[in-house]
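J.: This is the structure I have questions about; it appears just below.
Read-outs throughout are calculated quantities, based only on the coordinates presented, and are distinct from any laboratory measurement. Note that the structure is predicted; figures quoted are calculated from it, not measured. Glycine also receives a Cβ, built like all others from the backbone with ideal geometry; neighbour counts cover every protein chain displayed.
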Amino acid sequence: MSKYTETVLKGSPDGIVQTTSKLADKLTGHQVHVKVTHCGLCFTDHHFAKADMVLGHEPVGVVEELGPDCKKLKKGDVVGWGYLHNACGECQYCWSGKEVLCTDRQMYGYCDKEFGGFGTGAILKEDFLYKIPEGLDAADAAVLQCAGATVFSALYNNNVRPSDRVGIVGIGGLGHLALQFANKMGCHVAAFSTSESKKEEAMSFGAHEFVVTKVPEGEQFKVEQPFDFIISTVSGQLDWEQYYKVLKRGGSIITAGVSEDPVVKLPYGSILANEQKFVGTLVASRHVQTLMLEFAARHKIKAAKEMLDMNKENLEKAFERLEKNDVRYRFVLTNTLEKARKCEL
């Protein structure tokens, strides 16, 4: 048996499979062996649920062993990793600190398919592991590896300032974190939702204003004042014209929700005449990810989460509930596979 063999939960066309994964016989270079303690479930995992790969890209764990060239981490450190696993380090994007755009980026779902978070452990490159700050709970830190990184990056990379008015569309897994981050940055924050049902929760997450977007056909929803930034965290397409009408001149709509549908009916005339923008955002580069974790620890940003034991049955049920939007607002699975693995051994 390989020295680094882990129990893992993989996707398949027939559902979740619990199996073993042989990672390596020895650690080389800057490789780090991490024993997973927690892993969050992101809707993006749904896109890979039928692929032959270890699932999960919001893990946190403890450094178990380090390769001979590691210098930054030590055994026992609590670390996490996210969507980005590696980058070339030589292209213009890497040199400018934007390795998430690297022309040879290695990301979850497309590389390292044995190194997902739903398992007893994984081997990652030291430079792409993030030490969890003191005071930040491991379960909360897990959710931040993707969801937190995505919304913080949307704010940070677009130079959102404390004086800005920021609208957050969707009060879900991404949205409830975006409200907290924008509030702690000092912005005036508005939550956009289709009904009043989440108003109380949205205000508790940091919204100063609540906007109901479902209005009779032909009518425009109302806001107190136009916004500098509107961040969409939903996966579906919006009535973009409605949102551009409440966006300031020179303002930006930033889309963070994953959708396979083409963008339709952008109000080109408004975008042109008012110098407005439509911007995409994708997780975070390493520097921004580190800043995000420090910011979350300092401001006590926490995910609204439901905890489950990590096993095949719970992951399958979590996927089913996630598809039905039946979670407030993230699932985090605690690693109980290690106990099962030791019993098997």
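J.: Would you mind checking K113/K265; K3/K317; K26/K312; K10/K214; K72/K317 for any pair whose Cα atoms are more than 30 angstrom apart?
T.: K113/K265; K3/K317; K10/K214; K72/K317
J.: Another question, then. Within 10 Å of each residue's Cβ, count the other Cβ atoms and sort E209, E200 from fewest upward.
T.: In order of increasing Cβ crowding within 10 Å: E200, E209.
J.: How do S270, S204 line up, fewest other C-beta atoms within 10 Å first?
T.: Ascending Cβ contact count within 10 Å gives the list S204, S270.
J.: A further question follows. If each residue's Cβ is checked for other Cβ atoms within 10 Å, how do E219, E65 rank with the fewest at the top?
T.: E219, E65
J.: Hey, what number do you get for the chain at 222 nm if only DSSP H runs of n ≥ 4 count, each worth -39500 (n - 2.57), divided across all residues, to the nearest 500?
T.: -6500 deg cm²/dmol
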